[in-house]
Every structure is written in C-alpha cells, then in structure tokens.
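So the structure is just underneath, and the comments pick up after that.
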Amino acid sequence: MPQWFKSTIDPEDALLQDELKSTCVFPRHIGIIMDGNGRWAKQKGKSRIEGHIAGVDSVQDIVEACSQLGISALTLFTFSIENWRRPKPEISALMKLLIKVLKKETPQLCENNIRLEVIGDLNLVSSTVRKTLEETIEQTRNNHELTLTIALSYSGKWDITNACRTIAEQVANGTIAPEQIDENLFAANLSTASLPDPELLIRTSGEFRISNFMLWQIAYSEIFFTETYWPDFRRDKLYDALREYQNRERRFGQTSEQLKAETLRKQA
Ligand code: IPE
Ligand code: IPE
Ligand code: MG
C-alpha cells in the first residue's frame, strides 16, 4: 500500500490541481460508487479479495487528492445492504480489510484534518467493525477540512424508510404536525443530514446504474460514468470528472438564457 499523503506534492500534479482550482467551480460534496474490483482482479488472474485490496490504494489516492483540492465532503459507497448477499468468505474478507485500513490510517486522517463519518444500517455489522469505526470517528471528530463518509451496509431506500419512520414517530407523539413535513425536514432526518447533497456522483466500472446509493440526495447531482475499474481509478480520472463537471451547465429547471442573464447581472 502506498503511503498516504506524500509530504511533497508532485509539481506536475500541483499544476493540474491549480488549473482545476482556477475556475472556482467545485462540488462541495462528491459521492463515489466504487465498482469493478472483482472484474479488475479477474482480468489479472487474481482473486476478488486482491481486487478489493487494490481498491484501497485508489481510496487513498482519491482521498488525498480531494483533501488537497479543498473538497469539503467525499462519500464512498463501500458496501451496500444488497452486498450482504455476497458469499460469506468475501464479506468477511471485506470487513477484515476495512478494520485493518481504519486501524492503520486513523493517524493519517488526524494529521490531515479529515473527519470520518459512517452512514448505513450498522445493526447488520459485527460489533468488531462497529467498534473500530466508532474509535476512528471519535478520534477524528474535531477535524474539519474534509468529511470522509463511508457508506457501509447502506442503501438509499433504507435511508428514506428510516427517515419516514423517525418522522412518523414524531407525528405520533405530537412533536410535529403533518403539515410541517417538507423537503427540508425530510432531508434533516436522512443519515446525510449534516452534508450538502452531492453535486457530483461518480460511478466506475462501466455500469450505468445507481445501485440504491443516495437516492434522495442525488436528485440534482451531475453524474459521471466511467469504464475504469475502481482499482485503476486514480486522481487523473478524478480530475477528468471534475473538468467535465466544471463544463456542465446546471440549470435546476431554468433555461440556459435565464442562467446567462443571471451571471451577467451578478457581474454588473
Ligand atoms: C466493488 O467492486 C466493491 C463492492 C461492491 C464491495 P465489486 O466487488 O462489485 O466488483 P465487480 O463489480 O464484481 O467487478
Ligand atoms: C454497488 O456495487 C455497491 C458498492 C459499490 C458498494 P455492486 O457491485 O454491489 O452493484 P450491482 O449489484 O452490480 O448493481
Ligand atoms: Mg460490482
């Protein structure tokens, strides 16, 4: 595994980052569906777990690049509720890998002002995994540069159902009236309440689907699909996604002319 946060930034890389930064158009929150570890491994005659191990190197590189670019939130889809249907040995190897990486990298997260958060149904996760996550969350909780959220045992439908249940309980005990339920209140009851919606969603491995990731939160995300398998997705590919993001026109229902007129008004 490479060292996290190389002490010096490669000059060529610094140039690319400066170029991206110069446009000032940055997503505050990036979500990534990290897919293709198994196919990457198969292509190389390796085991699926070797694919997952190689995927950790990509996580490290992307976290480092996001941190250097000043992105404030990165959410990584690490394990879905549906992934519990995978073969038991693969699940157990994935959980062991997660524990190992968390234990090893927590000091690096602290050194680089990165806060770890987790979203997902942790009732399904073993107590050892839960404990390790809690330790890292506790140790990094005062960090404030980048919020790195791991979506573990997560599904968008689970998130929405959970929010519904919490709100229904509040209505039932009289804390809120049904008329008070609006989009803001609903979003405040999702597991991502403290995060802005992701402006950019990336999915690797050439699959064109969402696979039950943040369903509510991606209502207006720009989606970037790439054929690259996750273990090959390094910062150069992230920069491609960011460049494409910077060139997209986010209209939110308005017309292009309206947006241009607004920009001119602001510049006047
Ligand atoms: C993503 O890679 C990792 C997880 C979902 C845990 P996959 O394991 O899904 O890789 P493919 O899709 O089989 O190539
Ligand atoms: C999506 O990948 C979940 C994660 C990346 C954690 P999958 O490989 O599980 O997605 P499907 O099943 O092919 O849609
Ligand atoms: Mg997959």
Those GluC sites (Glu not before Pro) in the stretch 177-268 that DSSP places in a loop and that have at most 16 other beta carbons within 10 Å: 207, 227, 249
For residue 165 and residue 84 in one chain, what is 0.36 nm times their gap in residues minus the Cα-Cα distance, to one decimal in nm? 26.9 nm
Under the rule of -39500 (n - 2.57) per DSSP H run of 4 or more residues, summed and divided by the residues of the chain, what mean residue ellipticity at 222 nm is obtained, to the nearest 500 deg cm²/dmol? -15000 deg cm²/dmol
Can you find, among 210, 65, 109, the residue sitting farthest towards the positive end of the charge dipole of the chain, where Lys and Arg contribute +1 and Asp and Glu -1 at Cβ? 210
Beyond a 30 Å Cα-Cα separation, which of these cross-linked pairs lie in this structure: 88/131; 21/100; 100/237; 157/260; 96/157? 21/100; 157/260
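Find how much the distance from residue 23 to residue 211 grows on full extension, using 0.36 nm per residue of separation minus their present alpha carbon separation; answer in nm with one decimal.
64.5 nm
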Distance between modelled label sites at residue 13 and residue 144, nm, 7 Å Cα→Cβ extension: 2.7
Counting other C-beta atoms within 10 Å, and keeping those with at most 12, which DSSP coil chymotrypsin sites (Phe, Trp or Tyr not before Pro) do you find in the stretch 149-220? 208, 220
Heavy-atom surface of the chain, accessible at 1.4 Å and reported per residue (Å²): 53
Low-density loop positions, trypsin sites (Lys or Arg not before Pro), the stretch 196-246 - DSSP coil, at most 13 other Cβ in 10 Å: 209
Say R0 is 51 Å: what FRET efficiency, to the nearest 0.05, do residue 121 and residue 263 get from their beta-carbon distance? 0.75
Between residue 246 and residue 223, what's the calculated FRET efficiency when r is the beta-carbon distance and R0 is 22 Å? Round to 0.05. 0.90
How many angstrom lie between the C-alpha centres of the stretch 193-224 and the stretch 45-83? 15
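Mind putting a number on the dipole of the chain about its Cα centre? Charges go on the C-beta only, +1 for Lys and Arg and -1 for Asp and Glu, and I need it in Debye to the nearest 20.
780
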Once you have the Cα-Cα distance between residue 181 and residue 131, take 0.36 nm times their residue separation minus that, and quote the gain in nm to one decimal. 14.5 nm
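The values are calculated or read from the model by the stated rules, or taken from the named source; none is laboratory data. Small disclaimer: the values here were computed from a predicted structure and weren't measured. As a convention, Cβ positions derive from the backbone with ideal geometry for all residues, glycine included, and neighbour counts pool all protein chains shown. Ligands, DNA and RNA are stripped out before the accessible areas are found, and what is left, the full protein with its side chains, is counted by its heavy atoms. Shrake-Rupley method; radii C 1.70, N 1.55, O 1.52, S 1.80 Å.
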